[in-house]
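Heads up: the structure comes next, in structure tokens.
The values are calculated or read from the model by the stated rules, or taken from the named source; none is laboratory data. Since the model is a prediction, treat every value here as computed from it, not as a measurement. Ideal geometry is used to build each Cβ from the backbone, glycine not excepted, and the neighbour counts take in all protein chains shown.
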């Protein structure tokens with residue numbers, strides 16, 4: 001089995017942290033009136049779905065890092081409204097007008113676990129975006145490298161001498177003869 005890269009381990013650790021914090025927070029709010037409300041019940045259900053997606057992303061990180069990163073980004077977007085409602089119930093109640101059974105005491109509430117949850121979501125989103133961009137950057141050929149000529153005399157990635165891009169993309173060796181149609185001055 002291959003050795004896991006440092007980025008893969010960090011990505012898996014971030015997903016594990018998000019899963020752990022969500023498990024603690026959802027367990028505390030699940031048994032309360034929070035899960036039965038018209039708006040808060042939907043927030044709880046969406047956060048449950050995000051929790052499950054983080055578990056799937058955690059398991060897939062080892063085998064399919066890019067797929068796990070995309071799933072984790074979706075999970076981040078699903079879990080963020082839950083934490084925003086916990087930290088800023090006043091603005092959320094102004095946006096989503098409804099009858100709430102508990103009166104609003106303060107518009108903003110400091111909750112340590114919710115702050116940790118938001119920070120873990122931000123870190124997971126950053127590492128997921130980095131994982132997606134790094135995986136895509138491996139296959140980009142810079143402009144200063146010339147592609148080899150194919151059988152028709154044009155330059156493309158589909159030429160036989162450029163088969164199978166790998167993580168270590170090396171440009172072809174430059175020939176000392178000028179290309180067809182170019183003039184030496």
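In the stretch 93-130, which residues are over 20 Å from residue 20 (Cβ atoms) and either under 20 Å from the mean Cα position of the chain (by Cα) or in contact (Cβ under 8 Å) with a residue 40 or more places away in the chain (or both)?
96, 98, 100, 101, 102, 129, 130
May I ask you to verify whether residue 78 is surrounded by 14 or more Cβ atoms within 10 Å (Cβ to Cβ) and at pLDDT 80 or above?
Yes: the conditions hold for residue 78.
Just checking, does the stretch 8-17 include any residue being crowded, with 21+ Cβ neighbours inside 10 Å, under 18 Å from residue 113 (Cα atoms) and modelled with pLDDT of 90 or more?
Among the residues of the stretch 8-17, at least one is crowded, with 21+ Cβ neighbours inside 10 Å, under 18 Å from residue 113 (Cα atoms) and modelled with pLDDT of 90 or more, which makes the answer yes.
Going through 133, 120, 128, 101 one at a time, which residue ends up being assigned to a loop (DSSP other than H, G, I, E, B) and either surrounded by fewer than 17 Cβ atoms within 10 Å (Cβ to Cβ) or at pLDDT 90 or above (or both)?
The unique qualifying residue is 101.
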